[in-house]
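Notes follow the structure.
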Amino acid sequence: PFAQAATRLKKTADGRVLDYWILHIGKKFVQRIIELYKPLVIKIIQINSMGSALAAEQYHTVLEAVLELLKKVHNVSCNMAKPELVGHDLFYMKELNDMIDIKRDYDFWLARQSCSLERKMVSFCDYPFLFDLKAKILLLQYNGQLEMQEAIRNAFMHNFQTMLGAHVDTVNPLLILHVNRETILRDAIDQLDKYKDEDFKKPLRVYFQNEEGLDAGGIRKEFFLLLTKEILDPKYGMFKVYEETNTIWFSDLYEKEEEPMYKLIGTLCALAVYNITIIDLPFPLALYKKLLNKSSADLNDMKSLSPTLYRSLVALLNYKEDDLETTLCYTFEIERDVYDERRRIELKPGGSSIMVNQENKQEFIDLYIDYIFNKSCEKQFQAFSAGFRRVINSKPLELFYPDELMSFVVGNTNYDWNEFQKKTEYKGEYHVNHPVIQWFWQVFHKLEDNEKKKFLLFLTGSDRVPVFGWSQTQPMIIQRSHTDDAHLPASHTCYNVLDLPSYSSKEVLKAKLLQAIQYNKGFNLV
């Protein structure tokens, strides 16, 4: 009854009063609502799934009231409050992954939106704050599959018309890129520039010049790995590297002719996400805030980019003496390095002659942060975002919080190598107790961390794992290839298969393995 009464207020003046009352009561009230009503949602679903006499209309009425109350409290806690009253992850209901058919719920939600159906049944997609990261990734990937299927179907229908005599050219149902390793960025950009927006919805296939490999995933992973390294090459000057944190941000210097380049880089980043490939572009959280338009940059974003600058701004904020002007001598003008040249930028008109004092220091900090994350890169980011959105502009993307999207895009760097070993499978004469296999793991676990990552790159085409670790990846399969000491180990990156010869000793195995992982580029049919 409380949930129904509270949500009946909706967006009335009384409803806004309730919002501010919740905001005033604060964290304790929000936690209490979560503790009471999340289990109630589970109970309602369970009762309905057991074939109870609870009428469908009554089920949806009760469930909607509870969900609407949670939505109101979530909005106050995570959108109105700065900072959040409680972390948004406290609203997650992991049980939903098993209790409801999330894909079916999404299909219903889409159908209701496209057909303007009257809202009589509850869709959990109207309450995405309840979904954990696993559920959101599932929805994003499912939506991508639907779009790929639609793109392939449209291509086949188009080609079928040509068979019936229509005077149109046939189209490829795949998005094909042919690239040379030496000119990978230019090749990719030149070809992507010729495609239409609808082509980016097709499955991506990559072919390296003069290499025989067939792209079932592994080649694509290496393509994006090499591409991201090329994008960060200082010779292009498109991104500034902050060495303290090993993060990058858009260069202050902007030339009109660079706009297509930024757009295509945004497209490439989105293609990686759309084709479920981890990329190592070390942007800070601020980029994902901007992409999702969820919240503005703050001091913490500065900390993730430049801890030194962050400490300076915090010291200014904490300085309470009246002699701030004469002691720190700050004005509303800052210096920035642009192509090894020091440039002065006014944060506001006449800023070079306006001293920072106790009254205006917060304004100085706000303008500084706004310049770094917004004004200095407005055109660059607009182009990047436009490129990203022409590949991924779906509803599931809006379900993510910035930190969640960041985790999904860049993957996991916390490697549990023991779990990696446990999940490994063996084929043919190899088994977990085979001497060669035991030698392999003894050698592997003694490798340096960077060598283990090189092996992962050699095996899979990427040195990172998905956000949820090895459970999201195809397990490594080790099979015997030769019975002599002359051959090197080989890998099938598309299927995570390692061809391991049956070496005569552990020492030979170590030498051959180390030699093999140094050559982790290039594809040939084996």
Query - Area projected by the alpha carbon convex hull of region 341-418, averaged over all directions, nm² - result: 10.4
Query raised in the report: Where Rh is the Kirkwood radius over the Cα pairs of region 1-91, the temperature 4 °C and the viscosity 1.567 mPa s, what D in µm²/s does Stokes-Einstein return?
Result: 94
Report task. May I ask which residue of Leu299, Thr327, Val356 lies farthest towards the positive end of the charge dipole of region 299-380, with charges of +1 (Lys, Arg) and -1 (Asp, Glu) on Cβ and the Cα centre as origin? Result -> Leu299
**Report entry** Projected-area mean, region 371-413, by convex hull of Cα positions, square nanometres
**Finding:** 4.0
Query - GluC sites (Glu not before Pro) restricted to DSSP loop in region 387-441 with at most 13 other C-beta within 10 Å - result: Glu429
Query - Gain on full stretching of the segment that runs from Val314 to Asp485 - 0.36 nm per residue minus C-alpha separation - result: 55.5 nm
Query - Filtered trypsin sites (Lys or Arg not before Pro), region 380-470: DSSP coil and at most 13 other beta carbons within 10 Å - result: Lys427, Lys446
Query raised in the report: Which of the listed residues, Phe2, Leu253, Tyr242, is farthest toward the dipole's positive end in the chain, when Lys, Arg count +1 and Asp, Glu count -1 at the beta-carbon?
Result: Phe2
Query raised in the report: Ratio of region 417-519's C-alpha Rg to 2.2 N^0.38 Å, to two decimals?
Result: 0.99
Requested in this report: Put one equal scatterer on each alpha carbon of the chain, apply the Debye formula with no solvent term, and list log10 I(q)/I(0) at q = 0.08 1/Å to two decimals.
Outcome: -0.70
Query raised in the report: Whole-Å semi-axes of region 299-380's equivalent ellipsoid, largest first, each the root of 5 times a Cα gyration tensor eigenvalue?
Result: 21, 16, 12
**Report entry** Only Lys, Arg (+1) and Asp, Glu (-1) charged, at Cβ; region 1-91 dipole about Cα centre in debye
**Finding:** 240
Requested in this report: Excluding residues on the same chain fewer than 8 positions from Lys453, give the lysines whose Cα lies under 22 Å from its Cα.
Outcome: Lys221, Lys229, Lys422, Lys423, Lys506, Lys510, Lys512, Lys521
Report summary line: Calculated from DSSP helices alone, with each H run of at least 4 adding -39500 (n - 2.57) and the total divided by the residues of the chain, [θ]222 nm to the nearest 500 comes to -15500 deg cm²/dmol
**Report entry** Heavy-atom accessible area per residue - the chain, 1.4 Å, Å²
**Finding:** 52
Query - Size of charge dipole - region 299-380 - debye, nearest 20, with Cβ of Lys, Arg +1 and Asp, Glu -1, no other charges - result: 260
Query - Length-normalised contact order for the chain - Cα pairs under 8 Å, 6+ apart - percent - result: 12
**Report entry** region 299-380: Lys pairs at Cα distance under 20 angstrom, eight or more positions apart or on different chains
**Finding:** 7
**Report entry** Farthest positive-ward along region 417-519 dipole, Cα basis, beta-carbon charges - from Leu498, Trp417, Thr460
**Finding:** Trp417
Report summary line: Given unit charges at Cβ for Lys, Arg (+) and Asp, Glu (-), the dipole magnitude of the chain about its Cα centre in debye, nearest 20, is 1360
Requested in this report: Would you mind calculating the gained length between Leu299 and Arg104 on full extension (0.36 nm times residue separation, minus the Cα-Cα distance), in nm to one decimal?
Outcome: 66.1 nm
Query - Approximate spin-label separation Leu23-Glu230, in nm, with each point projected 7 Å along Cα-to-Cβ - result: 5.0
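The values are calculated or read from the model by the stated rules, or taken from the named source; none is laboratory data. The structure displayed is predicted, hence computed values, not measured ones. No Cβ is skipped: glycine too gets one built from the backbone with ideal geometry, and neighbour counts run over all protein chains shown. Ligands, DNA and RNA are excluded from the accessible area calculation, which covers all protein heavy atoms including side chains. Shrake-Rupley method; radii C 1.70, N 1.55, O 1.52, S 1.80 Å.
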